[in-house]
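The values are calculated or read from the model by the stated rules, or taken from the named source; none is laboratory data. Please read these numbers as outputs of a predicted model, since none were measured by experiment. Heads up, the Cβs are rebuilt from the backbone with ideal geometry, glycines too, and the neighbour counts pull from every protein chain shown.
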Amino acid sequence: MAAPMIAPSILSADFARLAEEAAAVHGADWLHVDVMDAHFVPNLTLGLPVVESLLKATDIPLDCHLMIDDPGRWAPGYAEAGAHNVTIHAEATADPVAVARDIRAAGAKAGLSVKPGTPIEDYLEVLREFDTLLVMSVEPGFGGQSFMPEVLGKARTVRNLVDTGHLTLLVEIDGGINADTVHAAAEAGVDCFVAGSAVYGAEDPAAAVAALRTSAAGSSAHLLG
């Protein structure tokens with residue numbers, strides 16, 4: 001058993017002060033970086049140059065979530081730059097296994113993300129090639145959306161496969177995670193909780209990280225307090 005992981009999302013941070021915003025969440029397990037290309041999702045955020053700068057500014061492992069078309073072309077570059085975990089979308093590639101192997105060969109852990117409407121059953125075999133499953137609990141593209149509890153069945157399904165030894169990966173969730181919703185996600189078997197406005201909208205972001213971790217541990221059968 002391990003402690004809950006909290007990954008503050010810099011999508012909710014001040015982009016003009018990213019180094020300071022990274023420092024403000026000391027104690028976080030990962031720093032979640034949303035890369036959007038205005039094609040796969042209707043928003044444009046940041047890319048590899050900003051990630052490279054951020055890697056120099058923080059010791060917190062970067063969790064790069066690529067909401068982009070053609071991830072096979074771009075994902076290995078994030079791994080080569082030094083990202084700890086690089087996640088691609090199942091819906092964005094016809095060969096997620098090949099991309100996962102390229103990410104791992106480039107030195108990072110590989111994650112697979114699924115949109116709220118994407119059935120997880122279609123990807124259970126594929127997940128053997130991944131280190132992380134990122135369950136989207138909002139439609140990807142924008143921060144500040146409301147949590148969609150109907151996706152928690154995916155987390156439960158994969159948690160059961162991990163607990164029974166059929167899969168070895170982290171279950172991560174992203175979208176609408178806050179003090180109210182973290183309990184349900186933890187109960188469903190999530191290991192890592194991405195939180196944007198719940199952290200960066202708080203007066204003390206580091207304290208918000210610690211509080212979310214405590215809340216998750218108290219609601220989980222598989223995580224340590």
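Restricting to the range 175-219, name every residue that is free of Cβ contacts under 8 Å to residues at least 60 places away in the same chain, assigned to a loop (DSSP other than H, G, I, E, B), more than 20 Å from GLU139 (Cα to Cα) and of a type in the set (Asp, Glu).
GLU203, ASP204 - these are the residues of the range 175-219 that are free of Cβ contacts under 8 Å to residues at least 60 places away in the same chain, assigned to a loop (DSSP other than H, G, I, E, B), more than 20 Å from GLU139 (Cα to Cα) and of a type in the set (Asp, Glu).
Report, ordered by the first and then the second residue, all pairs with beta carbons closer than 7 Å, sequence separation of six or more or different chains, a first member in the range 107-127 that is among the aromatic types (Phe, Trp, Tyr), and a second member that is crowded, with 23+ Cβ neighbours inside 10 Å.
Between residues of the range 107-127 that are among the aromatic types (Phe, Trp, Tyr) and residues that are crowded, with 23+ Cβ neighbours inside 10 Å, the close pairs are TYR123/LEU112.
Check GLY77 against each of (1) touching a residue at least 24 places away in the same chain (Cβ under 8 Å); (2) more than 18 Å from PRO8 (Cα to Cα); (3) of a type in the set (Gly, Ala, Ser); (4) not in a helix (DSSP H, G or I) and name the one condition it does not meet.
In the conditions (1) touching a residue at least 24 places away in the same chain (Cβ under 8 Å); (2) more than 18 Å from PRO8 (Cα to Cα); (3) of a type in the set (Gly, Ala, Ser); (4) not in a helix (DSSP H, G or I), GLY77 misses (4) alone.
Picking from ALA75, ALA28, ALA83, which residue would you name as being in contact with a Pro (Cβ under 7 Å, 6 or more places away or on another chain), at pLDDT 95 or above, within 26 Å of PRO116 (Cβ to Cβ) and surrounded by 20 or more Cβ atoms within 10 Å (Cβ to Cβ)? Break it down into steps so the answer makes sense when it comes.
Working: ALA75 fails: in contact with a Pro (Cβ under 7 Å, 6 or more places away or on another chain); ALA83 fails: in contact with a Pro (Cβ under 7 Å, 6 or more places away or on another chain).
Going through ALA75, ALA28, ALA83 in turn, just one is in contact with a Pro (Cβ under 7 Å, 6 or more places away or on another chain), at pLDDT 95 or above, within 26 Å of PRO116 (Cβ to Cβ) and surrounded by 20 or more Cβ atoms within 10 Å (Cβ to Cβ): ALA28.
Could you check LEU18 against (1) within 28 Å of GLU187 (Cβ to Cβ); (2) without any contact (Cβ under 8 Å) to a residue 40 or more places away in the chain and say which number it fails?
Condition (1) is where LEU18 drops out.
In the range 39-72, what count of residues is obtained for those that are surrounded by fewer than 15 Cβ atoms within 10 Å (Cβ to Cβ) and within 21 Å of GLY143 (Cα to Cα)?
Selection size over the range 39-72: 3.
Could you check the range 41-74 and list, in sequence order, the residues that are in a helix (DSSP H, G or I) and farther than 24 Å from ALA94 by Cβ? Explain how you work it out, then say what you get.
At the first step, the residues of the range 41-74 found to be in a helix (DSSP H, G or I) are 48-57, 71-74.
Listed by number, the residues that qualify are PRO49, VAL50, VAL51, GLU52, SER53, LEU54, LEU55, LYS56, ALA57.
Looking at VAL135, VAL162, VAL151, VAL171, can you tell me which residue is in contact (Cβ under 8 Å) with a residue 40 or more places away in the chain and either in contact with a Ser or Thr (Cβ under 9 Å, 6 or more places away or on another chain) or part of a loop (DSSP other than H, G, I, E, B) (or both)?
Values: VAL162 fails: in contact (Cβ under 8 Å) with a residue 40 or more places away in the chain; VAL151 fails: in contact (Cβ under 8 Å) with a residue 40 or more places away in the chain; VAL171 fails: in contact (Cβ under 8 Å) with a residue 40 or more places away in the chain.
The unique qualifying residue is VAL135.
Criterion first (of a type in the set (A, V, I, L, M), closer than 27 Å to SER12 by Cα and either out of contact with any strand residue (DSSP E or B) (no Cβ under 7 Å at 6 or more places or on another chain) or surrounded by fewer than 20 Cβ atoms within 10 Å (Cβ to Cβ) (or both)) does ALA179 satisfy it? Give the steps one after another, and end with the answer.
Numbers: of a type in the set (A, V, I, L, M): yes; closer than 27 Å to SER12 by Cα: yes; either out of contact with any strand residue (DSSP E or B) (no Cβ under 7 Å at 6 or more places or on another chain) or surrounded by fewer than 20 Cβ atoms within 10 Å (Cβ to Cβ) (or both): yes.
Taking the combined requirement at face value, the residue satisfies it.
Which of (1) over 21 Å from LEU11 (Cα atoms); (2) within 18 Å of the chain's Cα centre (by Cα) does SER137 not meet, given it meets every other one?
So the condition that SER137 fails would be (1).
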